[in-house]
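Computed from the coordinates by the stated procedures, all read-outs in this text should not be read as laboratory data. Since this is a predicted model, take the numbers as computed values, not measurements. When we count neighbours, we look across all protein chains shown, and the Cβ atoms used for this are built from the backbone with ideal geometry, even at glycine.
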Amino acid sequence: MKKIVVVVLMAVLLASCGTSKTVRTSKKVIKGQWTLNDISYDNYGSFRITFFNDVTKDCLEGSSWNFIPNNNSGNYNISNTSCESGERKFVFTIQEVDEETGLYDFLLKPTDSKLKSADNKGFRLKLNRLTDTEMEWIQYASIDGITITITMKFNKTIEG
């Protein structure tokens, strides 16, 4: 009888620690190559924002992104010739914020080629929309005491 109780408790413990169905489904959908087509702000004005401690909006728009969910890694490639072009690597995590609404947080941490972070810092974004062909991230920034909402829109180019 004790063995049965222990087995049942272990099964409950393992089930409660696993990722939710929503997150597992999201990882399947995000797998593949995407293009970051548009970055917009909810306030008008001229902003010079450096994204991911790397490049500006002009450099990031048009970049290609590849997500590999089985090891939570990926890369993006800057192809704009007026920017420092090339591939950048990252690791990511999808965290469900609210199971009823299906809203998520998306954590992205830039890394080196061995997937090690130089400063162990990452960026929290809201994964606002994710379909088989479109993805939308939202990030909040404070500039001169004003909070702006940054929206990044992706289209899927190649299935994973």
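Here are the numbers:
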| item | result |
| --- | --- |
| Residues located in segment 122-160, provided they are outside any strand (DSSP E or B) and more than 14 Å from residue 106 (Cα to Cα) | 131, 132, 133, 144, 145, 160 |
| Qualifying residue in segment 95-107 (condition: within 20 Å of residue 33 (Cβ to Cβ), assigned to a strand (DSSP E or B) and not aromatic (Phe, Trp, Tyr)) | no |
| Single match in 116, 156, 126 (criterion: of a type in the set (Lys, Arg), at negative phi and in contact (Cβ under 8 Å) with a residue 40 or more places away in the chain) | 156 |
| Unique match (being surrounded by 15 or more Cβ atoms within 10 Å (Cβ to Cβ), in contact with a helix residue (DSSP H, G or I) (Cβ under 8 Å, 6 or more places away or on another chain) and farther than 24 Å from residue 149 by Cα) among 80, 66, 72 | 80 |
